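J.: I'd like to ask some things about the structure below.
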Amino acid sequence: MDTTWTKILAMCLLGGISIIVGFIPLKLGKLFKGSDGSPRHGTVFSSLLCFGGGVLLATTLLHLLPEVRVLTNINT
C-alpha cells in the first residue's frame, strides 16, 4: 500500500475511533437518570466526559506531533 493511502487510512481510523470513544459518555448518561427523569449522574458522568475529551485531545496531539517533527527537520 502506498504511503499516502496508509496515512489516509490511519487518519480515518484514528478519527473514527476517537469520535466513538468520545460519544460513549453521552450514551451512558441515559443510564444515570433517576426514576423521575432528573439527572443523578454527578461525578461519574463528569469524569466520563473528561475522559472522552482527553481521548480526543491525546489522539489529536499524538497524531500531529510526528508530522510537526518531520516538517521541522525538513526546514533545518
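J.: Just to check your reading of the model, which residue among Lys7, Lys33 is open to solvent by 80 Å² or more (accessible area, probe 1.4 Å), at pLDDT 70 or above and charged (D, E, K, R)? First the steps, then the outcome.
T.: Details: Lys33 fails: at pLDDT 70 or above.
It is Lys7.
J.: Residue pairs, Cβ under 8 Å, 6 or more apart or interchain, first in the stretch 55-69 and under 13 Å from Ala10 (Cα atoms), second modelled with pLDDT under 85 and assigned to a helix (DSSP H, G or I). List them.
T.: As it stands, the answer is Thr59/Ser18; Thr60/Ser18, since those pairs meet every condition given.
The values are calculated or read from the model by the stated rules, or taken from the named source; none is laboratory data. Bear in mind that the values here come from a model prediction, so they are computed numbers and not experimental data. Neighbour counts run over all protein chains shown; Cβ positions are idealised from the backbone, glycine included. Heavy atoms of the whole protein, side chains included, go into the accessibility calculation; ligands, DNA and RNA do not. Shrake-Rupley method; radii C 1.70, N 1.55, O 1.52, S 1.80 Å.
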